[in-house]
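> Sharing a structure, written as structure tokens. Questions coming.
The values are calculated or read from the model by the stated rules, or taken from the named source; none is laboratory data. All values derive from a computational prediction rather than experimental measurement. Virtual Cβ from ideal backbone geometry, glycine too; neighbours counted across all protein chains shown.
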Amino acid sequence: MTGSQPSTNYTYLEHDAKFSESKIWNYQRSYFDSKGINAWVGGVPYYVTSNSVIAHSYAQVVFRYYQDGLRTGLINKEERLYIIELGTGPGRFSYQFLTFLNQFIENYATEPMNFCYVMTDFTGSNIEYWQNHERIKPLVEKGIVDFAIYDIGANQDIQLINQKITLSKNSCQNPLIVIANYIFDTVTHDVFRAKDGKLEEGLISLKTEQDNIASDEHLKNLDKLQTEFNYKEITADYYPDQNLNQVLAYYQENIKDTTFLIPTGAIQCINHLREISNNKLLIISADKGYTSMESLEGRGTPHIAFHGSFSMMVNFDALARYAELNSGDHCLASATEGIKLSLLSFGNKLDGMPETRWAYNEFIQRFCTKEFLLIKNELIDHVKELTLTEMLALMKLSYWDPDILVAIAPDFSEKIHQQQYDITFREELREGLTQVYKNFYYIPNYKNPIFAIAQLHHVIHDFELSLKLYEESIEKYGDNAATQMNMGVCYYYMKDNIKALRKFKTAIEMEPDNNSAKEWLKYLRENR
Ligand SMILES: C[S@@+](CC[C@H](N)C(=O)[O-])C[C@H]1O[C@@H](n2cnc3c(N)ncnc32)[C@H](O)[C@@H]1O
């Protein structure tokens, strides 16, 4: 039981349902349906799977897998390779991934890569958002991106909205590459308890306060849901799928005492995608979860993490065993704390794919988003103590991530302004800022990297470019005194005092106490 104890205000929504069939998943669906793109503003966790480091790592794995595939004959270069992203959400990962993949192809591929990246979600409003997104549109026009409504668990064909192509049973000659970030934790699971060779299924009961139930029967606030599990012994052959029963049987025999999940939504989706791809599937997935049987041991009631929507720990150990039983393979993240990034291959062993395994080990296992977040948090907390070169190194470590620039821009620009720097520093920063701009993907009401990029160009005296970026910042995020003030300074150094004067005046109108703007105005008037 979570939270406080029952009172007369509580209403039971369901009793003893099989977890994967519980109403809780319908509540989850309506949360994403109703929020659409706004689910990411202060609600659903997001940055850990949507930063330049993870996008770069995944692009490395896909690029290397393609090379391995060509060499081994697994991939036919005459046929298109489809990369499908499940539960895409806002699309920032997709865009950054494609930015890196296209750079790798341009710089290192011996021949063009014939591929299409399919962004999918079950929420129509997300698709509408991508369809109109300035960063995605050119990729759609080039034919390397398309969209599809894909509801995990519905086993529906994948219909590419723009290219009017349908991916259905056996329609892909090449393997399907599937990107599944923070999605297997969001779709259905079953709960089991194993003890002393006995296996029980977990049955869920749900209740909430009466005033949390909306008129359409959905919940106003998922966090106020209270859950309770009862357990009932089960017999062998629980699932119609014998491979899945083998996984259960393995746990029954080998686990001492624990409660564990079987990610049924993920497995159903995997089996559907295997049908489309003639059982040739590579899944790259990031989620909270367990990647060894040891780490599954000794667990109590499964934790349901509420954060606007809710999520479960993904049993990657079960997914890996399931892949093996389906002529597949895996590279699983180590069992240490934090998000787990794993590769699951179906219908193909990875021993003959050295570049893929190398890319996984180097770019995912050794150092990726989890390690990056730990280091960047520490460095950002101590940003004032960093030297200019250390700040530049942090930006490089982040593969020029826009959010990192936003976090350090005030201190970075202040230090550049105060200190001597040489021409190589300026050139590296300039080139890096171009990459930050390339990595930028607009999400409404989210951080504003355009202002940060403008500010940095400004302090290294790229005034013209800086002005353009300040304009873009106003267009996308609205106007304010700081932007007007900075534009005024740019005009001053470009020797356009009339425009500079106008900008300082506007800054003062917007913020009457803006002393810097007042001083600049005074200075300009005195030195006309
Ligand atoms: C937790 S978010 C993850 C978004 C993104 N992949 C990330 O890493 O930030 C889950 C996304 O999956 C979508 N989703 C939830 N349930 C789904 C389902 N059954 N089928 C397809 N998409 C689903 C939601 O609309 C949402 O965009």
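> For segment 469-503, enumerate the residues that are touching a residue at least 12 places away in the same chain (Cβ under 8 Å) and either of a type in the set (Val, Ile, Thr) or outside any helix (DSSP H, G or I) (or both).
Result: 479, 480, 483, 489, 494.
> If you don't mind, there's one more thing I want to ask. Can you name the residue in segment 173-186 that is part of a loop (DSSP other than H, G, I, E, B), touching a Leu at 6+ places or on another chain (Cβ under 9 Å) and closer than 22 Å to residue 244 by Cα and, of all such residues, is nearest to the ligand (Cβ to nearest atom)?
183
> Let me ask another. Is there a residue being closer than 21 Å to residue 175 by Cα, among the hydroxyl-bearing types (Ser, Thr, Tyr) and in contact (Cβ under 8 Å) with a residue 60 or more places away in the chain anywhere in segment 108-127? Give the steps one after another, and end with the answer.
Of all residues in segment 108-127, those closer than 21 Å to residue 175 by Cα come to 109-121.
Now restrict to residues that are among the hydroxyl-bearing types (Ser, Thr, Tyr): 110, 117, 120.
Applying the additional criterion that residues be in contact (Cβ under 8 Å) with a residue 60 or more places away in the chain yields none.
No.
> Is one or more of the residues making up segment 140-158 away from the ligand (no atom under 15 Å from the Cβ) and part of a helix (DSSP H, G or I)? Break it down stepwise before answering.
From segment 140-158, those away from the ligand (no atom under 15 Å from the Cβ) are 140-146; that's our starting set.
Next, only the ones that are part of a helix (DSSP H, G or I) stay: 140-141.
Yes, segment 140-158 contains at least one residue that is away from the ligand (no atom under 15 Å from the Cβ) and part of a helix (DSSP H, G or I).
> Just need a number here: residues in segment 60-83 that are of a type in the set (Phe, Trp, Tyr) and over 23 Å from residue 367 (Cβ atoms). Lay out the reasoning, then the answer.
Looking only at segment 60-83, we keep the residues that are of a type in the set (Phe, Trp, Tyr), and these are 63, 65-66, 82.
Pick out the ones that are also over 23 Å from residue 367 (Cβ atoms) and you get 82.
Number of matching residues: 1.
> Oh, and also: Step by step: first the residues of segment 259-292, then only those that are out of contact with any strand residue (DSSP E or B) (no Cβ under 6 Å at 6 or more places or on another chain) and under 18 Å from residue 18 (Cα atoms), then the one that is surrounded by the fewest Cβ atoms within 10 Å (Cβ to Cβ). Which residue is that?
268
> Among the strands (runs of 3 or more DSSP E) contained in segment 233-320, which hold 2 or more residues that are within 16 Å of the ligand (Cβ to nearest atom)?
Qualifying strands (runs of 3 or more DSSP E): 281-287, 305-307, 309-311.
> A follow-up question, please. Please work out which residue is surrounded by the most Cβ atoms within 10 Å (Cβ to Cβ), limiting yourself to segment 159-182 and to residues that are more than 19 Å from residue 284 (Cα to Cα) and aliphatic (A, V, I, L, M). Step through it out loud before you land on a result.
First, pick out the residues of segment 159-182 that are more than 19 Å from residue 284 (Cα to Cα): 159-171, 173.
Filter again for aliphatic (A, V, I, L, M), leaving 160-161, 165, 167.
Working: 160: 17, 161: 16, 165: 16, 167: 21.
The residue in question is 167.
> May I pose another question? Give all pairs with beta carbons closer than 8 Å in which a residue from segment 423-435 that is on the phi > 0 side of the Ramachandran plot meets a residue that is surrounded by fewer than 19 Cβ atoms within 10 Å (Cβ to Cβ); count only pairs at least 6 apart in sequence or on separate chains.
Between residues of segment 423-435 that are on the phi > 0 side of the Ramachandran plot and residues that are surrounded by fewer than 19 Cβ atoms within 10 Å (Cβ to Cβ), there is no close pair.
> Scan segment 390-421 residue by residue and report those that are modelled with pLDDT under 95, polar (S, T, N, Q) and not in a loop (DSSP other than H, G, I, E, B). Please lay out each step first, then the result.
So in segment 390-421, the residues modelled with pLDDT under 95 come out as 417-421.
Now restrict to residues that are polar (S, T, N, Q): 418-420.
Within segment 390-421, just 418 meets the criteria.
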